[in-house]
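Here the structure is laid out as structure tokens; the discussion comes afterwards.
The values are calculated or read from the model by the stated rules, or taken from the named source; none is laboratory data. Predicted, not measured: the structure shown is a model, and the values here were computed from it. Because the Cβ atoms are built from the backbone with ideal geometry, glycine has one as well, and the counts that use them run over all protein chains shown.
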Amino acid sequence: MKKLACLLLAAALAALLAGCGGAPVQTPPAPDAAPSASPAETPAGEPETTPASEPAGEPDIGPEVPGPEARSVVLVAYFSATGTTRGVAGRIAALTGADLAEIIPAQPYTDEDLNYSDRTTRASAEQNDPDARPEIASDISLEGYTTLYLGYPIWWGQAPRIMSTFVESHDFSGMTVVPFCTSGSSDIGLSDDTLAGQAGSGTWLQGRRFAADVSDDTLREWIQENGGAEKTLKLAVGDTELAVEWEENASVEALRALVKDGPLTVSMSPYGGFEQVGPLGASLPRNDVQTETQAGDIVLYSGDQLVIFYGTNSWAYTRLGRIVSAEDLSELLGNGGVTVTLTLG
Ligand SMILES: Cc1cc2nc3c(=O)[nH]c(=O)nc-3n(C[C@H](O)[C@H](O)[C@H](O)COP(=O)(O)O)c2cc1C
């Protein structure tokens, strides 16, 4: 009875929003509801090209910045005096779907401060003083994050002293810290170990030095060797685990981050005789392109809906992966609602 009331309330809300021209609402038929009169459910032969769930003409927007409710559990924090580390940090954040935060000095470094041919200038003087702790302009909260990529330039073979200020003023307990640096040519040396010692908490992984023009492939490989991405993202429909070839994109990285701390269960409903659709409960970066889907395709719809196809359709989606198991997907997905579980293992 309670369920019926909920269904009626959901239907009324959907009708109200549609009437108001509000945000599009996906209203797949409830598994136990009366047969729907929606065109996608009619035996019309050809599958729908635009499911009723799709807002006609919705603009194709770029990757989303997650709101507080959809905050990633991965953070990339970096200090950069001349922009090189900033560039690499931004690319790591894009590849991992992580949040990005800059460690900004309270007193910015001028060109003269950074002139390393003069050992008396500010940066050189700081590096010569192991106790120097340049002030940071504003605090960066690490609350809620489980992985931190920590980036900095190499100054005289070491991390700039402001990195010591940062690590000594935070508690990294329960976090995995993945250091990285940029430099003219020097390797990361002992700078990552020194910062780990100064931090005194957290699990610090071996750091890595990158050139300004490091390729995305190299970064992707390194990300997969570290952080949360070394595990396989697994998908099960009910009790049936399915082999999936996942895409290598920011959306899948964000999906991995979403399930890093535990399984994600998605209640899916059949739609249109060709797909199962359900809410992820968070927005992922999206890069929708017009797609002719095939049975087995897994896509992101509207940034926050997981869709698995057991038939074909044509619409703008972000590809997430493809089921490569031999299971009969019509049998598995075409008989009412299913529960899909995503895990890292
Ligand atoms: C004060 C100072 C000292 C530096 N020392 C080194 C060094 O020891 N080895 C090296 O390869 N590059 C050194 N560099 C070059 C920087 O590490 C390199 O340009 C880095 O990518 C700059 O990063 P950023 O643009 O994020 O600040 C130094 C640069 C400065 C300003």
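Can D193 be described as surrounded by fewer than 21 Cβ atoms within 10 Å (Cβ to Cβ), in a loop (DSSP other than H, G, I, E, B), more than 17 Å from the chain's Cα centre (by Cα) and away from the ligand (no atom under 16 Å from the Cβ)? Answer is no for this residue. Against the definition (touching a residue at least 60 places away in the same chain (Cβ under 8 Å), more than 13 Å from the ligand (Cβ to nearest atom) and in the same structural domain as Q198 (by TED's automatic domain parsing)), how does L75 come out, yes or no? Here the answer is yes, as L75 does meet what is asked. Residues that are in contact with an Asp or Glu (Cβ under 8 Å, 6 or more places away or on another chain) and in a loop (DSSP other than H, G, I, E, B) were ranked within the stretch 76-97; the one that is surrounded by the fewest Cβ atoms within 10 Å (Cβ to Cβ) is S80. Residues in the stretch 222-242 that are surrounded by fewer than 13 Cβ atoms within 10 Å (Cβ to Cβ) and modelled with pLDDT of 90 or more: 3 in all. Residues in the stretch 135-150 that are buried (at least 20 other Cβ atoms within 10 Å of the Cβ) and away from the ligand (no atom under 16 Å from the Cβ): 3 in all. Restricting the stretch 151-160 to residues that are crowded, with 23+ Cβ neighbours inside 10 Å and part of a loop (DSSP other than H, G, I, E, B) leaves a set whose member that is farthest from the ligand (Cβ to nearest atom) is A159.
M163 meets the conditions (1) surrounded by fewer than 17 Cβ atoms within 10 Å (Cβ to Cβ); (2) more than 8 Å from the ligand (Cβ to nearest atom) in every case but one. The failed one is (1). Looking only at residues in the stretch 102-116 that are more than 7 Å from the ligand (Cβ to nearest atom), touching a helix residue (DSSP H, G or I) at 6+ places or on another chain (Cβ under 9 Å) and not β-branched (V, I, T), the one that is nearest to C181 (Cα to Cα) is E102. Out of the stretch 196-220, which residues are closer than 23 Å to N115 by Cβ and either in contact with a helix residue (DSSP H, G or I) (Cβ under 6 Å, 6 or more places away or on another chain) or part of a loop (DSSP other than H, G, I, E, B) (or both)? Matches in the stretch 196-220: A211, A212. Looking at S302, S283, just one residue is at pLDDT 95 or above and at positive phi, and that residue is S302. Among the residues of the stretch 167-182, the ones that are in contact with a strand residue (DSSP E or B) (Cβ under 6 Å, 6 or more places away or on another chain) and either at pLDDT 95 or above or surrounded by 22 or more Cβ atoms within 10 Å (Cβ to Cβ) (or both) come to 6 in all.
Conditions (1) at pLDDT below 95; (2) of a type in the set (A, V, I, L, M), marked per residue:
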site	(1), (2)
R91	yes, no
E102	no, no
L114	no, yes
Y149	no, no
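Between R286, R322, the distinction of being part of a strand (DSSP E or B) and of a type in the set (K, R) belongs to R322 only.
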